[in-house]
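First up is the structure itself, then whatever we jot down about it.
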Amino acid sequence: MNDKSLMENLLMLQKGVCDLFMHGSIESATRDVHTTFNSALNDALKMQDRVYDKMAEKGWYPTEQAEQQKIASVRQKFAAQPA
């Protein structure tokens, strides 16, 4: 397995961990449990961000710039919806 594959696997694992911690935080029954899950989620998000940054730096996670017209269209769509 090459470095790119390892980093992709690590990123997918981190995303899954973040999802679990988020649900743990949302569903927690006590303030202490909520705080613990929330702290773990923040730590996992920071790690996920570092993995993503490293992958983007190496060109392993290419992104596209969104077209301004599409951004304006979505913004207009949601601005028109009642609150």
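Some observations on this one:
- Out of LEU45, LEU20, LEU41, one residue alone is touching a Ser or Thr at 6+ places or on another chain (Cβ under 7 Å) and at pLDDT 95 or above. It is LEU41.
- For GLU57, the criteria (1) open to solvent by 100 Å² or more (accessible area, probe 1.4 Å); (2) touching an Asp or Glu at 6+ places or on another chain (Cβ under 8 Å) hold in every case but one, which is (2).
- Candidates LEU11, LEU41, filtered to the one that is part of a helix (DSSP H, G or I), in contact (Cβ under 8 Å) with a residue 24 or more places away in the chain and either touching a Cys at 6+ places or on another chain (Cβ under 9 Å) or surrounded by 14 or more Cβ atoms within 10 Å (Cβ to Cβ) (or both): LEU11
The values are calculated or read from the model by the stated rules, or taken from the named source; none is laboratory data. As the structure is a computational prediction, the values presented were derived from the model and not from experiment. Cβ atoms come from the backbone with ideal geometry, glycine included; neighbour counts cover every protein chain shown. Calculation scope for accessible area: heavy atoms of the full protein, side chains included, ligands and nucleic acids excluded. Shrake-Rupley method; radii C 1.70, N 1.55, O 1.52, S 1.80 Å.
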